[in-house]
Amino acid sequence: MPVASMPSLLQHALEHGYATGYFECWDQYSLEASIEASERLAAPAIIGFGAAVCSQEWLNRGALGDLAQMLVEITGRGRVRLAPWPADRQKIDIGDVYSSYAKIEATLGWRPTVPLTEGLRRMVDYYEKYGHHYW
């Protein structure tokens, strides 16, 4: 699947009279599934990548900090510092997000195959290579 900038993808869609979907991916698994579905259908897709899927139990264990530490180790940059959520930002807090790949598994037979650390490494590599298309 070739990577195209957002302006060129949307311009092509406009010139050829078709719509393209936007798919928000919350983890490596949903990212892989969205790409695979787009490739199988030979359909362009705008794919967003948001955050890791997590449960409240996982968050309570401090695993979000573990995830941040993994990214620091993978990139060799940054540091992890715990801070309270700012009171003035409470109104934009989206709360907890839970998801499952059960539907795409039932529909396409897709199952996750990439361990978390490898998925994070691939994500970092991708954005280091193609980040100029996003910002």
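Any read-out appearing in this document is the output of simple, stated calculations on the displayed coordinates, not a laboratory observation. Owing to the predicted nature of the structure, the values given are computational and were not obtained by experimental measurement. Cβ atoms come from the backbone with ideal geometry, glycine included; neighbour counts cover every protein chain shown.
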Check residue 24: other-chain or 5+ apart residues with amide H under 5 Å from its amide H, H built from backbone geometry?
-> 48
Within the set of other residues whose C-beta is less than 14 Å from the C-beta of residue 109, count the net charge using Lys and Arg as +1 and Asp and Glu as -1.
-> 0
What list of ³J(HN,Hα) couplings, whole Hz, do you get for region 121-135 from phi and the Karplus terms 6.51, -1.76, 1.60, once you set θ to phi - 60° and write x for glycine and proline?
-> 4, 5, 4, 4, 4, 4, 6, 5, 7, 10, x, 5, 7, 10, 8
Could you line up 6, 123 from fewest to most neighbouring Cβ atoms inside 10 Å?
-> 6, 123
